[in-house]
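Colleague: Take a look at the following structure, please.
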Amino acid sequence: MASPDATFSALAHPVRRRMLDRLLDGPTTVSQLGAEHAVSPGAISQHIRVLEKADLIRRTLNGRQHRIELDEKGFQPVLTWAEKYGAFWGANLDSLGAFLMREKTDER
Amino acid sequence: MNGETASNVNEVKVSAWYAVGVHQAFSAWTDPAKIAVWFGPENYRAEVLEMEVKIGGRWRFKMISESGEVSHHRGRYLAIEPDKLLSFTWESEEDADLTEGRETRVSVHFRAESGGSRVTLVHERLPSLKAKDALEFGWSSGIPKLRRLLEGKRHD
């Protein structure tokens, strides 16, 4: 598994974030990614290497074309965190609501 | 109460409206006697072990679930603006995997709205300075879309 630092360094670059954004719509090819993001072939393969190292994308060879798609491995820790704390804080705001209502009733 | 939940990839944001004034909502977060009563999801009980509400002041809570599971959470207060903003760091002692042993930041915003208060809480993960950029990683449809995509893939 990639280290959290690798994940965050990978996410820190705006071009790479746009590339991931594009991949949310489905797999694509290296050349297509380069064309869509107006980046030189050298730069695009550099970005792809960084994203691959962070387990955020994976590359498969499809004939002569490299197919690129999102890799769930790199995203899983992020999803786990967001889900766990999203549920936790949502439940907390509910508890706060119940408390504030009790407090309001007691005042009367 | 009407609640809503929205999540960015590196932050969690929840918001709710309450039929009380902002002062009352704010003091529920800053008065140790009050927060001990309500803090935590419904099936949890909270004990305030330490709570010094001043900038740099420390807080530490013990939380006990219905099934008797105990966890400890702690941090420091970063910003205190009465009736407007409360910001603190958050570290889960037993859940170090979730915070990755580094600091995360919780900011609670209070705003008067429609004769009551809107409370919006943002929990940001700050694993490194680089994460500041990553936090701006705003996906228009974010997590739900990513989840659908990844789940679809598993069923291939």
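Only the coordinates and a few stated rules stand behind these numbers; no lab work does. Since the structure is predicted, the reported quantities are computational estimates derived from the model, not experimental observations. Virtual Cβ from ideal backbone geometry, glycine too; neighbours counted across all protein chains shown.
Colleague: Around B:PHE110, what is the net charge, scoring Lys/Arg as +1 and Asp/Glu as -1 over all other residues with Cβ under 12 Å from its Cβ? Could you put the intermediate results ahead of the total?
Modeller: Values: positive: B:LYS84, B:ARG111, B:ARG118; negative: B:GLU81, B:ASP83, B:GLU113.
Charge balance near B:PHE110 sits at 0.
Colleague: Now, a different point. Across the residues of B:116-122, average count of Cβ atoms on other protein chains within 10 Å?
Modeller: The per-residue average across the peptide is 2.
Colleague: Something else: Against the longest alpha carbon principal axis of chain A, how many degrees, from 0 to 90 and to the nearest 10, is the axis of helix A:14-23 turned?
Modeller: Its long axis makes an angle of about 90 degrees.
Colleague: Gaussian network model of chain A, Cα springs within a sub-10 Å range: biggest mean-square fluctuation belongs to which of A:LEU56, A:LEU24, A:LEU11?
Modeller: Its mean-square fluctuation being the largest, the pick is A:LEU24.
Colleague: Take the Cα coordinates of chain A, assign each an equal point scatterer, and use the Debye formula without solvent to give log10 I(q)/I(0) at q = 0.12 Å⁻¹.
Modeller: Debye intensities relative to I(0), on a log10 scale: -0.52.
Colleague: Moving on to the next point. Along the Cα→Cβ direction, 7 angstrom out, place labels at A:ARG18 and A:GLN65. What is the inter-label distance in nm?
Modeller: Distance between label points: 2.2 nm.
Colleague: Test of understanding: in a Gaussian network model of chain A with alpha carbons linked when under 10 Å, which of A:GLY74, A:GLY90, A:GLY26 would top the mean-square fluctuation ranking?
Modeller: A:GLY90
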